[in-house]
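What follows is a short report on a single structure.
Values in this text are rule-based calculations from the coordinates and carry no lab data. Since this is a predicted model, take the numbers as computed values, not measurements. Don't worry about glycine lacking a Cβ; one is built from the backbone with ideal geometry, like all the others, and counts go over all protein chains shown.
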């Protein structure tokens, strides 16, 4: 599982399963009469529980500042104030310029090196993705065939706006094969040639078709 991509997105599901596996193993060791291994497994399980309780303590006693995203579909979801403000302003801007049903494309800072995309922007702005790639995965959108496909989709649908997500997280290198540039910049060159920067809202840069 982790040989494919040992990143936080693949580790989190395992972290949820790990306490269950530890408890099951501890119970089996106890039934077998192996006291030392039972104690060891219980101690590890206890450390995980303490770490979770400490995180809850921080959330309760020193919660990070949050603000609601003022968009109808957000339904009260909160984010750090700067992010909430940027998403609110971005959504209003896009909705005022792109008719319902017309697509926008949410792009990463670069497409030769990708860590994660931001597909929730499509939900907030209420406009569809003209491609079949909502989730930006390294080894997929970083390849030449897929970038050719995306360019073809953009040429056919001709979105008025592209939203480039400029968060450092988007192209943060990972300590695995996904952290190396594929060298494929076809989509980057297409976007630079076809769209020009128009407005910026926090980590979100709006590009308009030239």
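Using only Cα atoms, figure out Rg for the stretch 96-186 and give it as a multiple of 2.2 N^0.38 Å.
1.08
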Ranking request for peptides 110-117, 57-64: highest mean number of other beta-carbon atoms within 10 Å first, then the rest in descending order. 110-117, 57-64
From Cα pairs below 8 angstrom and at least 6 apart in sequence, can you work out the relative contact order of the chain, rounded to a whole percent? 19 percent
Angstrom value of the Kirkwood radius, inverse mean 1/r, which spans all Cα pairs in the stretch 8-61: 12.3 Å
Mean shadow area of the chain, taken as a quarter of the surface of its Cα convex hull (nm²): 14.9 nm²
On the formula 1/(1 + (r/R0)^6), with r taken between the Cβ atoms of residue 48 and residue 75 and R0 of 35 Å, the FRET efficiency rounded to 0.05 is 0.65
Alpha carbons only, please: Rg and Dmax for the stretch 55-110, in angstrom. 15.0, 46
Return the percentage of antiparallel bridges among DSSP beta bridges fully within the chain, rounded to the nearest 5 %. 80 percent
Cα gyration tensor category, rounded, prolate or oblate, for the stretch 134-205 with a/c compared to 1.5: oblate
For residue 11, project a label point 7 Å along Cα to C-beta. Then give me every residue of the stretch 17-60 with its amide nitrogen under 19 Å of that point. 17-22, 44-56
Can you classify the stretch 1-107 as rounded, prolate or oblate using the Cα gyration tensor, where a ≥ b ≥ c are the square roots of its eigenvalues, rounded means a/c under 1.5, and otherwise it's prolate if a/b beats b/c and oblate if not? prolate
